[in-house]
Amino acid sequence: MLLIFLAIILLYLLSEEKPADINEYIDHVAKENGIDPDLVRAIIQVESGWNPNAVRVEPTGYRSIGLMQVTIQAARDVGYKGTEEELFNPMTNIKYGVKYLKRMLNMFNGNIYKAIAAYNAGPGNVKRGRFSFAYVYKVMREYSKLKQYA
C-alpha cells in the first residue's frame, strides 16, 4: 500500500505542469509584458481549450501549436530561436504567445479588439479589414466571464 502511495506521489511530481503552475506562469509573463493575465487565459480558452498538444494547420502551411496556438513564424517575429516542437512546452508557448500579443497591442496602439483580431488573423489582414469578428467576440466573451468571476 505504501509503495502504491509513493508511486502516485512520484508520478504527480514528475508529471507535466499542473494547472496552478501554468496559471502562476501566465500571471508572471502577462504582468511582465503589461498585459492582463485574464486576456491571456481567454485567448488560451478560445485557441486551444487549454490543450497543450493542440495543433491546427493554417492555410499558409504553418502549424499553430499548443495552448496559445503559436506559429513558428509568429514566435520568431518576437525573438524565438527554438524549434517548432519546443513550442509544445506550455511555458515556452505562453511566453512567446504573450510576446506576440504584446506586439499586436503595440502595433494597434492598445486597441484590444484589433490586437485580438491580429493575434488570430495577422496584422496585415486586420489592416485590410480581413479578420474574424466571431473570433474577437469569442475572446471578449471569455475575457468578460473571467473578469466577472474574478
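With +1 on the Cβ of every Lys and Arg and -1 on the Cβ of every Asp and Glu, and nothing else charged, how large is the dipole of the chain about its Cα centre, in debye rounded to the nearest 20?
Using only the charged Cβ atoms, the result is roughly 760 debye.
Given the DSSP H assignment, sum -39500 (n - 2.57) over each helix run of at least 4 residues in the chain and divide by its residue total; what's the result at 222 nm in deg cm²/dmol, nearest 500? Can you show the working numbers first?
Numbers: 8 runs with 94 residues, N = 150.
Theoretical 222 nm ellipticity from helices: -19500 deg cm²/dmol.
Quick one, which of (1) 15.5, 49; (2) 16.7, 64; (3) 14.0, 48 is the actual Rg and Dmax of the Cα atoms in Å calculated for this model?
Looking at Rg and Dmax of the Cα atoms in Å for this model, the match is (2).
Take each of the peptides 25-32, 110-117, average the number of other beta-carbon atoms within 10 Å over its residues, and list them starting from the highest.
My ranking of the peptides, most packed first, is 110-117, 25-32.
On full extension of the chain, what length is gained from ASN51 through ARG76, given 0.36 nm per residue of separation minus the C-alpha to C-alpha distance?
So the extension gain works out to 6.8 nm.
So which chymotrypsin sites (Phe, Trp or Tyr not before Pro) in segment 50-94 are both in a DSSP loop and have at most 15 other Cβ atoms within 10 Å of their Cβ?
TRP50, TYR62
Rounded to the nearest 20 Debye, what is the dipole magnitude of segment 55-116 about its Cα centre when Lys and Arg each give +1 and Asp and Glu each give -1 at the C-beta?
Details: 9 positive and 5 negative charges, 50 e Å.
Approximately 240 debye in magnitude.
Under 5 Å between amide H atoms, partner at least 5 residues away or on a different chain: which partners does VAL70 have, H built in plane at 1.01 Å?
ILE65
I'd like the Karplus ³J(HN,Hα) series for segment 65-74: coefficients 6.51, -1.76, 1.60, θ = phi - 60°, whole numbers in Hz, and an x wherever there's a Gly or Pro.
Calculated HN-Hα couplings, in order: 10, x, 3, 9, 6, 8, 8, 4, 5, 4 Hz.
Among VAL70, ALA134, TYR80, which residue has its Cα positioned farthest towards the positive end of the charge dipole of segment 39-141, with +1 placed on the Cβ of Lys and Arg, -1 on the Cβ of Asp and Glu, and the dipole taken about the Cα centre?
About the Cα centre, the residue reaching furthest to the positive side is ALA134.
Please work out how much length the chain gains when fully extended from MET91 to GLU24, using 0.36 nm per residue of separation minus the C-alpha to C-alpha distance, in nm with one decimal.
23.1 nm
Any read-out appearing in this document is the output of simple, stated calculations on the displayed coordinates, not a laboratory observation. Computed from a predicted model, the values in this text were never measured in an experiment. We place every Cβ from the backbone using ideal geometry, glycine too, and count neighbours over all the protein chains shown.
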